[in-house]
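The values are calculated or read from the model by the stated rules, or taken from the named source; none is laboratory data. Just so we're clear, the structure is a prediction, and the values are computed from it rather than from any experiment. Don't worry about glycine lacking a Cβ; one is built from the backbone with ideal geometry, like all the others, and counts go over all protein chains shown.
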Amino acid sequence: MNAFVQYIESYLTSNVTPGAAGNMFWASIYILIVFTGVSVGVICMNWLERKVLAHMQVRLGPMRVGPHGLLQPFADALKLLLKEDIIPARADSVIFWSAPFIVDLAAFTVFVVVPFGPQHAITDMNIGILFMLGVSSLSVLGIVMAGWASNSHYPLIGALRSSAQMVSYEVAMGFAVVSAILMTSLNATGTGTLSMIGIVEAQKAQAEWFIFKFFPLGLIAFFIFTVAMVAETNRAPFDLAEAESELTAGFHTEYSGFRWSLFFLAEYGAMMAVSSIAVTLWLGGWLRPFPNWLSGSTWDSIFSYFPGATFLFLATLCFYETARMPKHPYFRIQTIGLAVFGALLALIGLLLFVPAVSVRIQDIFWFTAKVAGFMYLYIWYRGTFPRYRFDQLMRMGWKVLLPIGLGTLILTAGVALIQQNLWRP
Amino acid sequence: MADQRTLSPLDLDTPDKTFLDANELVINMGPQHPATHGVLRVILRLDGEKVLGLECVIGYLHRGVEKIGENRTYAMFNPYVDRMDYVAAVSNGLGYCEAVEKLLAIEAPSRAQHVRVILTELNRIASHQLWLGTHALDIGAITPLFYTFRDREEILKIFEKYCGARLTTHAFRIGGLQYETYNGFEKEVKNFLNFFRPKIDEYEELLTTNRIWLERTKGIGKISAEDCIALGVTGPVLRASGVKWDIRKAQPYANYKNFDFEIPTGQNGDTYDRYIVRMIEMRQAVRIIEQAVDSLPEGPIMAKVPKVMKPPVGEVYHSIEAPKGELGYFIVSDGSTQPYRVRVRPPSFVNLQALDTMCRGQLVADVIAVIGTLDIVLGEVDR
Amino acid sequence: MAPIATPFFFYLLAAIMLIGGILVIMCRNAVHSALALIVTLLAQSAIYLMLYAPFVAGVQIILYAGGIMVLFLFVIMLVNIDRALKERQFNSQWWVGIIAATTLGGLFIAVYTKGKSIFPERIASVAEADNTQRVASLLYGQYMFAFEIASLLLLVAIIGAVVMAKKRI
């Protein structure tokens, strides 16, 4: 027993990820935390997407289930769980059954290497970024299986589109990623790294986020990646695989209830995963903004108040809306609910002001905030853009993004060579 | 041009074989499909995503409106025509009333004609708004739909205030109008115009220069002027192909010859041109309404119409420029209180014939865009 | 980092690989075969990981499981499965298979019996931390020429595929 406690405690003094420390107990805890966090993130995204999209489209969005529809995701989840689970009569039932799980597995496994902070990752792999790209590319298998197993035309076309699209955009994405990885090698030893934590550490050491590195090369690579990642996750304006006006629902037309919700979960999980790749590679991961311009311990402490302040701001919003709630008795429960929710947020906010907590939570906060920015972008795209046609999408991937990505890579390598004085013609 | 039309829709003697000779898919789009605007069923034969041919199956919404007309008196049939093109019910009513008036050789008083123009043009805007919203939705832009429906609401409010109904209005009567305009009608219409003018810019801001929108609409669903005329296509689709044909100018009815407006035409006959033509038409409609409201005369709203309408034996064809094209009514009278035959020439039905010509060789996604740009209403196609 | 339960995981992965491989040739449905092949490839990449070759493992997942097999499935899905199911499985070259299997089996037995003397216990020290960097420096340093030849070959293959697929260029 004592040994077990010691085993648990031994990690607390170490300064690495639980995976690197080889501590199974803490690794399991981290896995639980991360996966719960991702699931909560999906729930938040569900609500946020409906609300933000609704406000962009001059409507209110969900308002009935809970105050301002806050409980809508739970109602939806309940509805989906209670729905009849239909497997089409001539579908390939085993593949039909396993497809959503493969998609989910791929979407969630990548979070193993996502660095929320220098120690806040489940593990740090030597091939971190490669692992992320590889495993997230497996989700296309699930989509193809789902489309084929449904034994129906619309899902099949959806699956074909999806697989072609994802395989093509992976190439452009790869070039963008490689040009960022090249930048990690700009140090005294001249060797770069593929580890997710290492990439952020490199940005810290070079005191420059890679998006600003070799301006505008870093920016271009970042841009290519952001376009490719939208295509990779099958989201608007590249949501051809599930284009509702053409293919009813694409590859998951025949899915209902819980299985469908698994696809939904995987889609949002994958969105977060690719966003966190972008954040790690170009936006400095867990590093706080303006580390050079606003440097010094004063600014450090000011920025450490941000997490708490954000939650307090959200709590204030809640209280403001509570005050604006209709005074009719019908709304009493909702008003109380909103106030309680605000109080909860305020409590979390105050907790985050405690120095011991704020120091630990800061990295996670900045990382999550950056990812959240990307998630907002996803919603924004969906609200504003029409959908590309399939051949236009492929043309864009192969004839625009790929050459630009290749050029950026070559230029980055050249500039890096010159900067490192390695250019010996 | 001609050979393409004379091919039977699913003639596959010389299909474009791909290298792998992959399966040709036959897909049933509809009758319950999100993008077929009702219960249109399109049988598509695809090579991959390329359309080899298609065939429209219609009739799912057939209600026998024309046959009903033979068993109703002239006045009783009036509300039925609203149910054909239900998003432009006012235009349908105008066409029918004017056709019967022509048969009876009476003319509606000038005030009634002005109000008719105002309401019809408002309805044109409403119809085009609905087209724009759903068309953009088909192409994947969700947001314009909500903008257009928000503004369409204002028009429907005016309709509701005037005749008590929002959609199937039954706004006009044979010989004029049933009701005098309500208090503040002119002011409300003018308010709407001032409200609406910036809204058109708002729609255009979202779409007109949007790169994806341009790529999805330019060069898609092209149809030449000759094809249009040969197929009998009318309305914005015809005008976008470069033919300046608008019944409001060509064979003026109601009071249109007194108003100053322009007829927009396109050059390429593609989806983008049709979009632009309709956008300009909305602006022109605003212009017409403005003139009509400004010059709204005082006077009676109903001509002298016999209590029992018994038109003389004969036939009449009268057509108007409905939002979707030429809407014609052919009425044969045998001298009794009921028409001997009512035949409607619905613009949607005729325009739908062009779908195959416009879609061949394009991709599935373009079929959706083309169905959207044809602006069909299945209630009118099937009648 | 100390390896955990190495023999257990090795036998587990090897069993998965074998079962997957058998399923590949046993399944009548081509899609099922392809999926079984993916399972095999994934297990193989896990074995690479156990051999302290994380880079190879990652590339295996990206290229084989994520890329090539998707294209396989893509093509298989376009083929009419129903018709393929009714066709007789062609196994007219069974004698070639038997010869190949016997030879391979003999080789394995030879390695198993004499292996200890042929292969020393451990040739290279394990380089887990900078594995990728070592692969890179070998690939772009010592074996540069071979690497370039390989990429040239691939280029030829790509051009050949385009020429074959396009009716006119």
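Only one entry of A:I95, A:I127, A:I43 meets the criterion of being within 14 Å of chain C (Cβ to nearest Cβ), of a type in the set (V, I, T) and under 21 Å from A:M272 (Cα atoms), and that entry is A:I127.
Somewhere in the stretch B:232-240, is a residue in a loop (DSSP other than H, G, I, E, B) and closer than 20 Å to B:R283 by Cβ?
Step one: of the stretch B:232-240, the residues in a loop (DSSP other than H, G, I, E, B) are B:232-235.
Within this subset, residues satisfying the condition of being closer than 20 Å to B:R283 by Cβ are B:235.
Looking for residues that are in a loop (DSSP other than H, G, I, E, B) and closer than 20 Å to B:R283 by Cβ, one finds at least one in the stretch B:232-240, hence yes.
Scanning the stretch A:234-282 for residues that are under 20 Å from A:G37 (Cβ atoms) and either modelled with pLDDT under 85 or of a type in the set (G, A, S) (or both) turns up A:S261, A:A266, A:G269, A:A270, A:A273, A:S275, A:S276, A:A278.
The numbered conditions (1) within 19 Å of the chain's Cα centre (by Cα); (2) surrounded by fewer than 24 Cβ atoms within 10 Å (Cβ to Cβ); (3) part of a loop (DSSP other than H, G, I, E, B) are all true for A:G174 except (3). The residues on offer are B:I212, B:I276, and the sole one that is in contact with a Phe, Trp or Tyr (Cβ under 6 Å, 6 or more places away or on another chain), among the aliphatic types (A, V, I, L, M), part of a helix (DSSP H, G or I) and within 30 Å of A:F385 (Cβ to Cβ) is B:I212. Scanning for something over 30 Å from A:Q362 (Cα atoms), in the same structural domain as A:F215 (by TED's automatic domain parsing), touching a helix residue (DSSP H, G or I) at 6+ places or on another chain (Cβ under 8 Å) and charged (D, E, K, R), does the stretch A:119-142 turn up at least one residue? Scanning the stretch A:119-142 turns up no residue that is over 30 Å from A:Q362 (Cα atoms), in the same structural domain as A:F215 (by TED's automatic domain parsing), touching a helix residue (DSSP H, G or I) at 6+ places or on another chain (Cβ under 8 Å) and charged (D, E, K, R). The set of residues in the stretch C:138-169 that are within 14 Å of chain B (Cβ to nearest Cβ), loosely packed, with under 10 Cβ neighbours inside 10 Å and outside any loop (DSSP other than H, G, I, E, B) comprises C:V163, C:M164. Evaluated against (1) over 20 Å from C:I38 (Cα atoms); (2) in a helix (DSSP H, G or I); (3) free of Cβ contacts under 8 Å to residues at least 60 places away in the same chain, A:F215 falls short on exactly one condition, (2).
In this structure, is B:E321 assigned to a strand (DSSP E or B), in contact (Cβ under 8 Å) with a residue 60 or more places away in the chain, farther than 16 Å from B:Y74 by Cα and out of contact with any His (no Cβ under 6 Å at 6 or more places or on another chain)? Criteria met by B:E321. In the stretch A:285-305, the count of residues that are within 15 Å of the chain's Cα centre (by Cα) and either without any contact (Cβ under 8 Å) to a residue 40 or more places away in the chain or outside any helix (DSSP H, G or I) (or both) is one or more. List every residue pair whose Cβ atoms lie under 6 Å apart, where the two residues are 6 or more positions apart in sequence or sit on different chains, the first residue falls within the stretch A:159-170 and is without any contact (Cβ under 8 Å) to a residue 24 or more places away in the chain and facing chain C (nearest Cβ under 7 Å), and the second residue, located anywhere, is aromatic (F, W, Y) and part of a helix (DSSP H, G or I). Once the first residue is without any contact (Cβ under 8 Å) to a residue 24 or more places away in the chain and facing chain C (nearest Cβ under 7 Å) and sits in the stretch A:159-170, its partners that are aromatic (F, W, Y) and part of a helix (DSSP H, G or I) give A:S163/C:F74.
Output yes when any residue across the stretch B:41-58 is at pLDDT 70 or above and assigned to a loop (DSSP other than H, G, I, E, B), and no when none is. Yes, the stretch B:41-58 has at least one match. Scan the stretch A:38-60 and tell me whether some residue there is closer than 22 Å to C:L37 by Cβ, hydroxyl-bearing (S, T, Y) and either outside the structural domain of A:S14 (by TED's automatic domain parsing) or in contact with a helix residue (DSSP H, G or I) (Cβ under 9 Å, 6 or more places away or on another chain) (or both). There is no residue in the stretch A:38-60 that is closer than 22 Å to C:L37 by Cβ, hydroxyl-bearing (S, T, Y) and either outside the structural domain of A:S14 (by TED's automatic domain parsing) or in contact with a helix residue (DSSP H, G or I) (Cβ under 9 Å, 6 or more places away or on another chain) (or both). Checked against (1) under 27 Å from the mean Cα position of the chain (by Cα); (2) at pLDDT 90 or above; (3) outside the structural domain of A:I199 (by TED's automatic domain parsing), A:Y320 passes all but condition (1). The test for being hydrophobic (A, V, I, L, M, F, W, C), in contact (Cβ under 8 Å) with a residue 40 or more places away in the chain, farther than 19 Å from A:V110 by Cα and in a helix (DSSP H, G or I) does not hold for A:I181.
Taking the stretch A:10-123 and the helices (runs of 4 or more DSSP H) fully enclosed by it, the elements with 1 or more residues that are in contact with a Phe, Trp or Tyr (Cβ under 6 Å, 6 or more places away or on another chain), modelled with pLDDT of 85 or more and not hydroxyl-bearing (S, T, Y) are at A:24-56, A:72-82, A:93-109.
Check every one of the helices (runs of 4 or more DSSP H) wholly within the stretch C:27-100 and list those with 1 or more residues that are at pLDDT 80 or above and within 15 Å of the chain's Cα centre (by Cα). Outline the logic, then answer.
Values: elements: C:30-50, C:54-59, C:69-78, C:81-86.
The qualifying helices (runs of 4 or more DSSP H) are C:30-50, C:54-59, C:69-78.
Annotation: A:I143 fulfils all but one of (1) at the interface with chain C (Cβ under 9 Å from one of its Cβ atoms); (2) touching a residue at least 60 places away in the same chain (Cβ under 8 Å); the unmet one is (1). The sole residue among B:N71, B:N92 that is surrounded by fewer than 22 Cβ atoms within 10 Å (Cβ to Cβ), at pLDDT 85 or above and away from every other protein chain (no Cβ under 14 Å) is B:N71.
Restricting the search to the stretch A:63-100, which residues are touching a helix residue (DSSP H, G or I) at 6+ places or on another chain (Cβ under 6 Å) and within 23 Å of A:N151 (Cα to Cα)? Scanning the stretch A:63-100 gives A:L80, A:K83, A:D85, A:I87, A:A91, A:D92, A:I95, A:F96, A:A99, A:P100. Selection of the stretch A:129-153 for residues being among the aliphatic types (A, V, I, L, M) and part of a helix (DSSP H, G or I) yields A:I129, A:L130, A:M132, A:L133, A:V135, A:V140, A:L141, A:I143, A:V144, A:M145, A:A146, A:A149. For the stretch C:48-62, the criterion of being in contact (Cβ under 8 Å) with a residue 12 or more places away in the chain, under 12 Å from A:M145 (Cβ atoms) and facing chain A (nearest Cβ under 7 Å) is met by no residue.
For the stretch B:359-383, a residue qualifies if it is closer than 18 Å to B:I58 by Cα and more than 14 Å from chain A (Cβ to nearest Cβ), and the qualifying residues are B:L374, B:D375, B:I376, B:V377, B:L378, B:G379, B:E380, B:V381, B:D382, B:R383.
The set of residues in the stretch B:325-341 that are surrounded by fewer than 24 Cβ atoms within 10 Å (Cβ to Cβ) and either touching a residue at least 60 places away in the same chain (Cβ under 8 Å) or not polar (S, T, N, Q) (or both) comprises B:G328, B:F330, B:V332, B:S333, B:D334, B:G335, B:T337, B:Q338, B:Y340, B:R341. When the stretch B:127-147 is limited to residues that are at the interface with chain A (Cβ under 10 Å from one of its Cβ atoms) and small (G, A, S), the one that is nearest to A:F238 (Cα to Cα) turns out to be B:G140.
If a residue counts only when it is within 14 Å of another protein chain (Cβ to nearest Cβ) and within 30 Å of A:T226 (Cα to Cα), which helices (runs of 4 or more DSSP H) contained entirely in the stretch A:320-425 have at least 2 such residues? Walk me through it before giving the result.
Working: elements: A:332-353, A:355-384, A:390-395, A:402-419.
So the answer is A:355-384, A:390-395, A:402-419.
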